[in-house]
1. Per Stokes-Einstein, at 25 °C and 0.890 mPa s, what whole-number D in µm² s⁻¹ belongs to the stretch 119-177, with the Kirkwood radius over Cα pairs as the hydrodynamic radius?
2. Taking a label point 7 Å from the Cα of residue 275 along the Cα→Cβ vector, which residues of the stretch 212-242 have an amide N closer than 19 Å to it?
3. Distance in nm between label sites at residue 251 and residue 168, each 7 Å beyond Cα in the beta-carbon direction?
4. Measure out, as a whole number of angstrom, how far apart the alpha-carbon centroids of the stretch 38-107 and the stretch 120-161 sit.
5. To the nearest 0.05, what FRET efficiency results for residue 231 and residue 98 with a Förster distance of 35 Å applied to their C-beta separation?
6. For the stretch 197-252 and the stretch 266-290, compute the distance between their C-alpha centroids and round to whole Å.
7. So if R0 is 25 Å, what FRET efficiency would residue 36 and residue 127 give, r being the distance between their Cβ atoms, rounded to the nearest 0.05?
8. Can you figure out the FRET efficiency of residue 302 with residue 114, using R₀ = 35 Å and their beta-carbon distance, to the nearest 0.05?
Ligand SMILES: Cc1cc2nc3c(=O)[nH]c(=O)nc-3n(C[C@H](O)[C@H](O)[C@H](O)COP(=O)(O)O)c2cc1C
């Protein structure tokens, strides 16, 4: 058991070295290529970007997505109020590796004075490449107070906010929006113009209203309308689940880049333009080990494994013979134990044929329901 984990810890070190060097190589290579687009003067190489996702797009997961091809990083959204109180956790969400650049630090608040002051502090302390303002969060306790998607109801505040941010910050300022508050107030074009006119350097658009939250299908037509209406880069987002979807949203909207959220959880290979079904078992298990080791290194042994559970259920979704992994998920409190049981699962998979049992199918459904509901 001990050996198994030592192996994985070693794997972590090797994994990170590989990761860094592969990213370095990627940068060396891309340095000779043309950027796909610019966020003001910041070149972005590539057209697929991991969405900011509270509880998921942390430093370890962003590193994995970048290694596989995500073109830039966005942090999870952070409350300007929390930053102003020097809340340790708020500042921790903004930790990033130098190799992640370009990196956007994303803030939210209903108080625009506080957003301006805290954005300045973030830039002075951490020197991110861009500051991004969240105007898409639909969670009632945030949006009802006028933050997140709540800002879409007060376009005049958005104008003042971006005017002040773009005049005072040395780095580009970007915004991530939804289509509007509800179907009766889809003011995305007005907001897009306001953003551009007040100095925003890019807009990411989730093709749903606040009221829709995550229901229904994302509507990509407004993304095309925004792209036709503004000169700054437009990043399309919402329900991109497959390589075919990437091609479709690009063709239908002409967007400069595509932001992928939920579909990247359990399938970060989507940034390599690979669908879930095209990832081999060996690739999957190697990445699970690498990701777990990175989580343990970043968060410590206990929190690391607990936070990893919601990723692993997605990595193994639909993969046969996951009973041992279920055991690991439900009983393991250390990475050692997890790796031990995980190895048994790998062996079983290699030995047996790949029929999904009814029991496993039911368990996967249970795992699914364990994963946190969308937060923003
Ligand atoms: C669990 C979760 C957390 C999210 N957190 C954020 C966030 O912190 N900031 C943000 O701008 N959007 C956040 N979002 C929204 C996503 O960035 C994205 O706009 C949305 O999920 C639609 O894209 P998708 O269909 O590719 O998932 C979150 C979404 C989910 C599911």
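Readers should treat all values here as calculations from the given coordinates under stated rules, not as data from a laboratory. Keep in mind the model is a prediction, meaning the values are calculated, not measured. In this analysis, Cβ positions are derived from the backbone assuming ideal geometry, glycine residues included, and neighbour counts consider all displayed protein chains.
1. 205 µm²/s
2. In the stretch 212-242, the label zone of residue 275 (backbone N under 19 Å from the point 7 Å along Cα→Cβ) covers 218, 238-242.
3. 4.6 nm
4. About 15 Å separates the Cα centre of the stretch 38-107 from the one of the stretch 120-161.
5. According to the calculation, E is roughly 0.70.
6. Between the Cα centres of the stretch 197-252 and the stretch 266-290 lies a distance of 25 Å.
7. 0.60
8. Here the calculated transfer efficiency is 0.55.
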